[in-house]
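The structure appears right after this line, and notes come after that.
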Amino acid sequence: MNILEIKNLYKDFGGLRALNDLSLTIEQGQIFGLIGPNGAGKSTAFNCIAGVYAPTGGEIFFNGARINGEKPWTLCTKGLARTFQIVKPFATKTVLYNVMVGSFARTANRAIAEEKALEVLEYLHFTKHKDTRAGNLTIADRKRLEIARALATEPKLLLLDEVMAGLRPSEVDEMVEIIKDLRDRGVTIFVIEHIMRAIMALSDHVVVLHFGQKIAEGTPRQVASDEKVIKAYLGDEYVVSAN
């Protein structure tokens, strides 16, 4: 069953076409990777899917329903959540408070919201920081908080925008395991990432964007050996190191 389907998606900003005729399909239960150089249109695609931007043209379907132009908070209640590349928690509030903000997408009851938030923190082994002010967290812990807040909304589809950027190798490995476990628990994952060893190890399927246009798609192995992708993004040194 397809959980997300994008057909001929366009997004213009004035005279600039940031996305050009993008089509892709994500099956329920997949980890689906989106890669490409900086400025390729990856975050723009996420913003269109998540309701931050209205597409200029094309169609987006979530669980079979057309969602073009729907607001982010509406999509969140339908089971579509996302993280942001630049993490901006409520810095003066506690970690628990920040995660409860996500919980309120499902309930107006404070006690229930707190219970759900604590469950998410326990799952992410983050309970020890529940009373820590978000502004005092390390980069790695802020990334974990961003995922926690999204998980508290109980998503069916989770869009992860560079959640491993800035992490140490051991922290990347830990994040990879978290993402795999989320998939095993029934959450479909759509992930943007520049750390190739992570995205290639995680993804069932990968799409590559360049100047807003899809230039390749397939399994990680197929994409990594595509000459267009090597030339536009990976570089010959990646192929050598991968072999």
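The values are calculated or read from the model by the stated rules, or taken from the named source; none is laboratory data. On a predicted model such as this, the values are computed, not experimentally measured, just so you know. Please note: Cβ atoms are built from the backbone with ideal geometry, for glycine as well, and neighbour counts cover all protein chains shown.
Things to note:
- All positions within segment 190-230 that are of a type outside the set (Ser, Thr, Tyr) and in contact with a Phe, Trp or Tyr (Cβ under 8 Å, 6 or more places away or on another chain): Phe190, Val191, Ile192, Met196, Asp204, His205, Val206, Val207, Val208, His210, Ala224, Ile230
- Selected residue (criterion: nearest to Tyr10 (Cα to Cα)) from residues of segment 39-65 that are in a strand (DSSP E or B) and touching a Leu at 6+ places or on another chain (Cβ under 6 Å): Gly58
- Segment 1-29 - residue that is assigned to a strand (DSSP E or B) and on the phi > 0 side of the Ramachandran plot and, of those, surrounded by the fewest Cβ atoms within 10 Å (Cβ to Cβ): Asn8
- For segment 151-174, the count of residues that are under 20 Å from Asn47 (Cα atoms), touching a Cys at 6+ places or on another chain (Cβ under 7 Å) and modelled with pLDDT of 95 or more is nonzero.
- Scan of segment 78-101 for residues that are surrounded by 14 or more Cβ atoms within 10 Å (Cβ to Cβ) and closer than 30 Å to Tyr10 by Cα, ordered by number: Lys78, Gly79, Leu80, Ala81, Arg82, Thr83, Phe84, Gln85, Val87
- Residue list for segment 6-33, filter: under 19 Å from Ala216 (Cβ atoms) and among the charged types (D, E, K, R): Lys7, Asp21, Glu27
- Looking only at segment 142-157, residues that are in contact with an Asp or Glu (Cβ under 9 Å, 6 or more places away or on another chain) and hydroxyl-bearing (Ser, Thr, Tyr) come to 0 in all.
- Top-ranked residue in segment 95-132 [being aromatic (Phe, Trp, Tyr) and part of a helix (DSSP H, G or I); ranked as nearest to Gly79 (Cα to Cα)]: Tyr123
- Any hit, segment 26-47, residues being closer than 30 Å to Lys128 by Cβ and touching a strand residue (DSSP E or B) at 6+ places or on another chain (Cβ under 8 Å): yes
- Phe32 being on the phi < 0 side of the Ramachandran plot and not in a strand (DSSP E or B): no
- The residues of segment 7-35 that are out of contact with any helix residue (DSSP H, G or I) (no Cβ under 6 Å at 6 or more places or on another chain), farther than 12 Å from Leu209 by Cβ, touching a residue at least 12 places away in the same chain (Cβ under 8 Å) and among the hydrophobic types (A, V, I, L, M, F, W, C), listed by number, are Ile26, Phe32.
- Looking only at residues of segment 123-138 that are more than 21 Å from the chain's Cα centre (by Cα) and exposed (fewer than 15 other Cβ atoms within 10 Å of the Cβ), we find that the one that is nearest to Asp181 (Cα to Cα) is Lys128.
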